[in-house]
Structures are given as C-alpha cells and as structure tokens.
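All remarks here apply to the structure that follows.
The values are calculated or read from the model by the stated rules, or taken from the named source; none is laboratory data. Just so you know, these numbers come straight off a predicted model, no measurement behind them. Cβ coordinates were reconstructed from backbone atoms using ideal geometry, including for glycine residues, and neighbour counts include every protein chain displayed.
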Amino acid sequence: MVFYNKKAMEQIYINHFAVLVSVVTNLAFGALWYSPIIFYNSWKKENNFTDEQLKSINPAKVYGVSFILSVIISYNMAFFLGDSKTDMIWGTTAGFLAGFGFAALIFAVVALFEQRSWRYIFINGGYITVYFTIIGFILGSWR
C-alpha cells in the first residue's frame, strides 16, 4: 500500500504481509526468549514470581493485548522504514537503533528508578533490542 506525504509528496511503502510476520515474530520470539531454555528461570527470579502466580494469568488477555500492541509497534516501524530507499541493511540498522537507542535505554532508566537489577535490565532490554532489530530486518527486506 502506498501513502503520500502531501507536504513532501514522498511515497511511503508498507508491506502489510511483512507487518503481519513482524507481529507473529514478536509473539514467537518472546516465547523463545522467555522460555526455560533461555531466560525463563532468571526472569522469574528477577521478578520474584512463583509458578503459581504465573499459572494464574489469563493467557487470552495477555496474548490478545500483546498481539494488538505488536500490531501497533510493527506498523509504527513500517512507517518509519517506509521510504523507497529502505533496504535490508537500513531496516536492520534502524531496528537496532530504535530497539537499543530508544526502547531498551528508556526501559533501563525506568528500571533503575524502580531499583531493578542489572540482570533484569539486560534480560528485558536484550529482548527489546533483538526484537526491534529482527522486525527492522523483516520490514527492510520485504519491500
């Protein structure tokens, strides 16, 4: 789909399929990152969660809201990468810069004020950085 910026008359290209893949990637990558084979136990310990607490969440609500938020995040990145000159390299770079330079660092600032551990910051900030880098790659590649 092509959008026009009336002021500059520039075209913005959005590949809606790439956005959808980015959304699904968020959920799949998050499931892997926070799984027992990677960071589940450390993440659980840093949050002082018990297995009983985690079993009591409403998965439909958590995954439903996460899906909606992932749609917003992915479309936001797609608009930022909508320039016709965007390619895989720039998409990946922009994803990393947005993930690390904006999202993970402001997350770290908030976590510091909440007196959270560096381990907590690195687990979640790492997820944020890698996730944004991946969706930048996806959106930059599928022009």
Checklist entry - If we scan segment 26-37, do we find a residue that is out of contact with any Ser or Thr (no Cβ under 6 Å at 6 or more places or on another chain) and over 17 Å from I128 (Cα atoms)? => result yes
Next on the checklist: With the condition being at pLDDT 95 or above and surrounded by 15 or more Cβ atoms within 10 Å (Cβ to Cβ), I'd like the helices (runs of 4 or more DSSP H) fully within segment 27-143 carrying at least 1 qualifying residues.
Outcome noted: 40-46, 59-80, 88-96, 105-113, 118-141
Checklist entry - Mind checking whether some residue in segment 112-127 is of a type in the set (D, E, K, R) and over 24 Å from I38 (Cβ atoms)? => result no
Item to check | Flag if G91 is within 21 Å of V130 (Cα to Cα), touching a residue at least 24 places away in the same chain (Cβ under 8 Å) and touching a Leu at 6+ places or on another chain (Cβ under 8 Å) | outcome: yes
Next on the checklist: Could you tell me how many of the residues in segment 16-70 are aromatic (F, W, Y) and within 20 Å of T92 (Cβ to Cβ)?
Outcome noted: 3
